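Read through the structure below, which is laid out as structure tokens, and then see the notes.
No value in this document is a laboratory result; all are computed from the given coordinates. Everything numeric here is computed off the predicted structure, so don't read it as measured data. Neighbour counts are summed over all protein chains in view; Cβ atoms, including those assigned to glycine, are modelled from backbone coordinates with ideal geometry.
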Amino acid sequence: MVDTTDAARSARTDRGHEPHLARQLSNRHIQLIAIGGAIGTGLFMGSGKTISVAGPSVIFVYMIIGFMLFFVMRAMGELLLSNTRYKSFSDFAGDLLGPWAGFFTGWTYWFCWVVTGIADVIAIAGYARELIPGIPLWIPGVATIAILLLLNLPTVKAFGETEFWFALIKIVAIVALIVTGLVLIFTGFQSDAGPASFTNLWSHGGFFPHEFMGFVAGFQIAVFAFVGIELVGTTAAEAKDPEKTLPRAINAIPIRVLLFYVGALVILMSVTPWTEFRAGHSPFIATFALAGLGIAATVVNLVVLTSAMSSANSGIYSTSRMVFGLAQEGDAPAAFGTLSRRQVPRNALFLTSVLLLSGIVLLYAGKDIGAAFDLVTTVSAVCFMFVWSVILASYLVFRRRRAQLHEQSAFRMPGGRVMVWVVFAFFAFVLWALTTQPDTLTALAITPLWFVVLAVAWLLLRRRPTHQARFAQYRADRDADEAREHEPVRR
């Protein structure tokens, strides 16, 4: 239920004279976009490193991360549905925490997906070389960016349809892997690595073969596997029925984590011992290859490539919408706040596509594809944690300033304030985990440079009359909230 006073105060998110995104995404689009966002390159490629450093304990790593991020998603869902004029979490961050928060969140989320898109381009180039040995890495990189741009230039419904099929391919692939793995296990399949059996989960050093620090190291790349889980939040302005579709998509997260992450990893490490997997190589492909199923391994390679394409596709979509919203608020050049005749932010799409070309440079800058992938995924994970933290901070302010809206909410976050602080503690633990390995420590050290750049940009922007007016409006809204909160007491 939307409070009319709050709707009026948040009119800046729905100005009549500004171009509007079209609500063309149906329930099936939203559900598959949510699944596609949660299943990406981090699972298909990154889990190779996670398994190699954590062993079977990686199962608990993915379960813990999925559990924590479920509460982030529930907080986001409650906030988005408290005022359907919010186009994304950048809007409610600016409304609840102040204009600076909208600026930092919007641009950081844009940066997150640009970096993630670069990681996907790197992964796609690696998969393409596996399929076509000797192909120059820049060819699949450029081709990927061109294809994704063409997929996003038509209507948003076209994007939704494309992502629907991309996500469906990933789901079918994982389900096929689980079914095939179960057949291999129950038929006692033998490979050079030994028999396929559930005992492989604990017969090679136990569940924690590298002890506690190995378990900690598993969180480094595993967090990246979940980036994009909040993607459904950027579809709020283009969903046909957000009050129904968003709760369905968010509530299904625990089931998806158990099936697509835990289920797949259990099968992978049962068919072949965890000691056979290594960083930079997809465990999905390795499993079929070790089983002697060469053709199946090639098919899986194509599926993994499709998964990376899907992730990059989602990134181009989400960044274009975020920049479009920032431009409407005056936080980005006005040229990015325009829509094409098909109601697509074309200029914002071009911006992201051009920046993704830097991924091709990284392919030749590092020692190998795996090293480049590790660098960009760590930077991306840290920035995404910042965005997730802003969502939780916005929720805390929402509970304090708009308690009545919280009480009226039909989609409250379970656990409330207590779980917010539990998740904050978990994020602190992950940041510490990133300091325990040299490669991730380097990426963690350079990430603050992005926030320094943002801070300088904000100090310059906030002096503009339009931004001063926005800040004055924010303070007026905050004072009105506090006055209304104490009104029953005065009675």
request  = Could you sort 317-324, 100-107, 64-71 so that the peptide with the highest average Cβ count within 10 Å comes first and the rest follow in order?
outcome  = 317-324, 100-107, 64-71
query = Which length gain, in nm to one decimal place, applies between Ile255 and Leu461 when the Cα-Cα distance is subtracted from 0.36 nm times their residue separation?
reply = 69.8 nm
query = How big is segment 68-131 by the Kirkwood estimate over distinct Cα pairs, in Å?
reply = 13.7
Segment 432-467: chymotrypsin sites (Phe, Trp or Tyr not before Pro) falling in loop per DSSP and having at most 10 other Cβ within 10 Å = none
query = Between Ser340 and Leu454, 0.36 nm times their residue separation minus their Cα-Cα distance comes to what?
reply = 38.2 nm
request  = Can you work out the PRE-style zone for Phe67? Point 7 Å along Cα to Cβ, and I want the residues of segment 409-439 with backbone N under 17 Å.
outcome  = 414-416, 418-430
message = If each residue of separation counts as 0.36 nm, what is the full-extension length gain between Phe198 and Val422 once their alpha-carbon separation is subtracted?
response = 77.3 nm
Overall form of segment 63-206 per C-alpha gyration tensor (a/c, 1.5; a/b vs b/c) = oblate
note = Per its Cα gyration tensor (rounded if a/c is under 1.5, else prolate when a/b beats b/c, else oblate), segment 156-208 is best filed as prolate
key: Computed label-point distance, nm, for sites Lys244 and Ala445 using a 7 Å Cα→Cβ extension   = 5.4
note = With x for Gly and Pro, the residue-by-residue ³J(HN,Hα) of segment 318-327, computed from phi through the Karplus equation 6.51 cos²θ - 1.76 cosθ + 1.60 at θ = phi - 60° and given in whole Hz, is 5, 5, 5, 6, 5, 5, 4, x, 5, 5
ask   = Per-residue HN-Hα couplings for segment 78-92, Karplus 6.51 cos²θ - 1.76 cosθ + 1.60 at θ = phi - 60°, whole Hz, x for Gly and Pro?
value = 4, 5, 4, 7, 6, 8, 5, 7, 5, 8, 6, 5, 5, 5, 6
Spin-label model distance (nm) - Val354 vs Thr298, 7 Å beyond Cα toward Cβ = 4.0
query = Using a simple spin-label model with points 7 Å from Cα along the Cα→Cβ vector, what separation in nm is obtained for Arg475 and Phe186?
reply = 6.9
ask   = Amide H of Ser191: which non-local residues (sequence gap of 5 or more, or other chain) have their own amide H closer than 5 Å, using H built in the peptide plane?
value = Ala196
